[in-house]
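Heads up: the structure comes next, in structure tokens.
The values are calculated or read from the model by the stated rules, or taken from the named source; none is laboratory data. Just so you know, these numbers come straight off a predicted model, no measurement behind them. So basically every Cβ, Gly included, is an ideal-geometry build from the backbone, and we count neighbours across all protein chains shown. With ligands, DNA and RNA removed, areas are computed over all heavy atoms of the protein, side chains included. Shrake-Rupley method; radii C 1.70, N 1.55, O 1.52, S 1.80 Å.
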Amino acid sequence: MVIDKGFHEVSGADIPGILGEATCQGVPVFTLATAGRTDKEAFFGAVRRTLPLDPPLGPRMVWDALSDSVWGGLHELRSSRVVIVWPDARPVAGAEGDFWIALSILRDVTESLAEPRYTSGRPTQVSVYIAPAPSAGETAPPKG
């Protein structure tokens, strides 16, 4: 499995391979867990629990503050590559509302951190993998 920069929607079955490859390459991995929810509260909670944030987020849920904080936190890692996995989201097609905003922030962070002009010549290759949570008739991929 190749870890590609950018934003990708993948199958849940692809997640173990992505995680394994990132681990083999020594790439920091952050897994957002929202229990299948894609609302603002769930996304903010997952980001607060999982991602490095700089500056830290205050108690209010402000999208611009979240975007700046995630960008700053990932940049301060001083890692040339980072993988973010959201394995229990929902399909990206037709995203709207809070889910659309969350995806937009992840896309923007991915694109802007890759730009030397925005990062003082120290870009970060961010790879974001979104996998829809299994529907009622499907089974989740094995953990491990």
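In a simple Cβ point-charge model (Lys, Arg +1; Asp, Glu -1; nothing else charged), the chain has a dipole of about 340 debye relative to its Cα centre.
Given Cα pairs under 8 Å that are at least 6 residues apart, what percent is the relative contact order of the stretch 11-131?
Working: 174 pairs, mean separation 36.2, N = 121.
Result for the stretch 11-131 is 30 percent.
Remark on Arg81: its backbone amide H falls under 5 Å from those of Gln125, a criterion applied only to residues 5 or more positions apart or on other chains, H modelled at 1.01 Å from N.
Would you mind counting up the charge near Pro55? Only other residues with Cβ under 15 Å from its Cβ, with Lys and Arg at +1 and Asp and Glu at -1.
Charge balance near Pro55 sits at -2.
Counted by Cβ distance under 12 Å from Thr38, the other residues give a net charge of -2, where Lys and Arg count +1 and Asp and Glu count -1. The accessible-area ordering, largest first, of the residues Arg117, Arg81, Arg90 stands as Arg117, Arg90, Arg81, per a 1.4 angstrom probe.
Solvent-accessible area of Thr31, all protein chains in place: 60 Å² (probe radius 1.4 Å, heavy atoms, ligands and nucleic acids excluded). The solvent-accessible area of Glu96, taken with every protein chain present and a 1.4 Å probe, is close to 130 Å².
Each of Phe43, Ser104, Thr23 was scored by the projection of its Cα onto the charge dipole of the chain, and the greatest displacement toward the positive side belongs to Thr23; charges sit on the C-beta of Lys, Arg, Asp and Glu.
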